[in-house]
Each structure stands twice: as C-alpha cells, then as structure tokens.
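The values are calculated or read from the model by the stated rules, or taken from the named source; none is laboratory data. What you see is a predicted model, and the numbers here were worked out from it, not measured in a lab. With ideal geometry, Cβ positions are generated from the backbone for all residues, glycine too; neighbour counts draw on all protein chains shown. What goes into the accessible areas is simple: the full protein's heavy atoms, side chains included, and nothing from ligands, DNA or RNA. Shrake-Rupley method; radii C 1.70, N 1.55, O 1.52, S 1.80 Å.
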Amino acid sequence: MTSTVERGSTGPEQPWWGGPLPRVPQPPPAWAGPVAPDVPAGLGPVPPGRPVTGTGPRRGWVVLGVVGALLGVAMLGAAAGAHRTMDVTGAVTLTSTYATLPPHSACNGAGLYSWLDSGTPVTITDANGEIVGAGVLGDGTSGAGTSWSGYSSTCTFSFSIDDVTARDDFYRIAVGSGATGGVPFSRAQLQDGPVSITY
C-alpha cells in the first residue's frame, strides 16, 4: 500500500515509499541576488560576478620574474662596462732638442727636458683622477732632417699601455715622475689612437 504527499507549494503529488521525503530544490531568496552557475575549471568563460581565482599569485610571479630579469641584465651590463678595457698607443715629441741630430737617429731630451728619455713614466688617469693605466716611454728617435740643414731638431718617444679601464668619457695622460695634471683626451681619441703629446 502506498501513501502520497499532499499537493503543496513544493510540487505535485509523488509516491512515498517510506524514509525521508525527497528534497525538492528551492529557489534562492530574493535578497541573495543572482547566483552564477558552477563551471568546472578551464571550461568556458568565467561567469560575470564570479571572482577569478588562481591568476593573482601567478601574475605576481610573472611580474617578479620580468623585474628580476631586467635587473640581472642591468647588473651584467654594469659589470661588463666596469671591466671593459682599451689599449692606448701614442708618442711624445720634443720639438727643440737644443742640438742638431742626424735624421732617424737615437736621441733624448736636452736642456729643460733632459728628464725626457727612454723609461720615463707615463700614466693615464680617469675623470676622477684615478690611475687606470701606466707605462714608460720607449727609445727616442729623431725625425726627418730639415730642408735647409739636413739635420733634425725633433726627438720622438713612443709608448703603449694595454688594458686601460674604459669606463669614462675623458682621460688625462701625464709624462714624467710625479707629473700632475696631464694632457686631456677623450675616450674616442684614446681608442682610435695613436695620441700625440708635444713639448
């Protein structure tokens, strides 16, 4: 024998076989507002009103990764710039030796420039006055003879300094022990070389 449930607001009469009555879905109350349907992750667009989950932390890690990569590139660039070097070549020429020299012969400084000779120190300083390269003058050689006497009145000393730190735009080259100041040169001039200093 079966029993029936009286017709009511929950739906039409249904057979009842004992046990709890079947649960009939109820509409949400009006104050709850619209409810977005449940959509499995990865299927279809996110319904309006449903919070997006899982993208915030992931986006944060992506931003951190990009910022870290940019910082790494900047640091590598700065380190490469700090360790960039150049080889500098040049010559120091004395235009008045107070003597008549056979062309292309060995020579050295005379008079006020007697200190100018093979082995005289040469230093290169950067924009902050720090020494970034050092070397010495080579042997002096007289120039070509003049047209009227056939003798030379110049004496030239060459120098070469390797691995000069190339981080500034301007430098100074000083010749002689304890020399201060020096002759200014741009980094482009030093790199293109050879540079020339005349006394």
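What the table shows:
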| item | result |
| --- | --- |
| Surface accessible to a 1.4 Å probe, per residue, for the residues of the stretch 85-131, Å² | 52 Å² |
| Solvent-accessible surface ranking, highest first, for Ser158, Ser186 at 1.4 angstrom | Ser158, Ser186 |
| Sulfur and carbon atoms: percent of accessible area, the stretch 80-171 [1.4 Å] | 53 percent |
| For Arg167, solvent-accessible area (1.4 Å; no DNA, RNA or ligand), Å² | 110 Å² |
| Local electrostatic count, Met86, Cβ distance below 9 Å [Lys/Arg +1, Asp/Glu -1] | -1 |
